[in-house]
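Engineer: Pasting in a structure now, in structure tokens, and then I'll have a few things to ask.
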Amino acid sequence: MKIKSADFVISNSDVAKCPKEPLPEYAFIGRSNVGKSSLINMLTERKSLAKTSGKPGKTQLINHFKINDNWFLVDLPGYGYAKTSKKDKKTFQKYITSYFEKRKQLVCAFVLVDIRHNPQKIDMEFMEWLGVTAIPFCIIFTKADKLKPKAIENNINTYTDQMLSGIWEEIPPFFVTSSTNYMGRDEVLNYIGNLNSDFFSEKRGDYI
Ligand code: GTP
Ligand code: MG
């Protein structure tokens, strides 16, 4: 899929104020600093469409970006950032969960995990919550430029083995990406393109 346009639309903390258009959307979620905002910039080839930072906790709101005038990418705050005050942390969790529970336009969540790390409890718990809440999701491994191919393979195997030894009977679709060298860009965009085609052919928009 070609990206012809990518425009910031709105930031807010209230799911009720998100764009009303019945267009398909895809949300990026994961630990703070995992690379959610960087991935949005990489996919859209816009250097600073989404704000990024070396320090965790940069994205603090629900941010809608309209792509090719007919679908949305959503950048969300990260979870698991210990330095956020307890009160703020609660607010994040509340509106993140409320976004996922209420947003009918959401076609698929992309859960980002840093490919260098062992499976983290908080990610596993979040994916389990998506599972029980019946929200389709994929995994995006980020920062693959930091590892050699063999280590990438080993870490993916460790990850998928752990999922299969837990509650999962099958592994969700996953992608290996790098926002610095564009690895995985075509694969993620093609996946979204196919889901968009299904969305529009089923005319899901009619009943949103
Ligand atoms: P929050 O908004 O705080 O939740 O973080 P985020 O998940 O949006 O992370 P962000 O995109 O701001 O990136 C965090 C840091 O990781 C930045 O310093 C990025 O430059 C770096 N980074 C992100 N993706 C990659 C990648 O694919 N490769 C490398 N080497 N660095 C990356
Ligand atoms: Mg961010």
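Engineer: Once R0 is set to 41 Å, what does the formula 1/(1 + (r/R0)^6) return for the Cβ-Cβ distance between LYS4 and LYS94, expressed as a FRET efficiency to the nearest 0.05? All intermediate terms of the calculation are to be shown ahead of the outcome.
Structural biologist: Working: r = 36 Å, r/R0 = 0.87.
So the FRET efficiency works out to roughly 0.70.
Engineer: By average Cβ neighbour count within 10 Å, what is the ranking of 26-33, 43-50 from highest down? Kindly include the intermediate steps, with their values, before the conclusion.
Structural biologist: Numbers: 26-33: 23.4, 43-50: 16.9.
So the peptides 26-33, 43-50, ranked by packing, come out 26-33, 43-50.
Engineer: For SER11 and TYR182 in one chain, what is 0.36 nm times their gap in residues minus the Cα-Cα distance, to one decimal in nm? Present the calculation step by step, with values, prior to reporting the outcome.
Structural biologist: Values: separation 171, 0.36 × 171 = 61.56 nm, distance 2.61 nm.
Once the chain is fully extended between SER11 and TYR182, it gains 58.9 nm.
Engineer: Continuing with the same structure: Would any residue of the range 97-123 have its amide N under 17 Å from a label point 7 Å out along Cα→Cβ of LYS148? List them or say none.
Structural biologist: 116
Engineer: What value, in deg cm²/dmol to 500, does the helix sum -39500 (n - 2.57) over DSSP H runs of n ≥ 4 give at 222 nm once divided by the residues of the chain? Let's see the in-between values first.
Structural biologist: On the way: 5 runs with 72 residues, N = 208.
Taken over the chain, the calculation gives -11000 deg cm²/dmol.
Since every read-out is calculated from the coordinates, none of them should be taken as a lab result. Please read all numbers here as calculations on a predicted model, not as lab measurements. Positions of Cβ are backbone-derived with ideal geometry, glycine not excepted, and every protein chain shown enters the neighbour counts.
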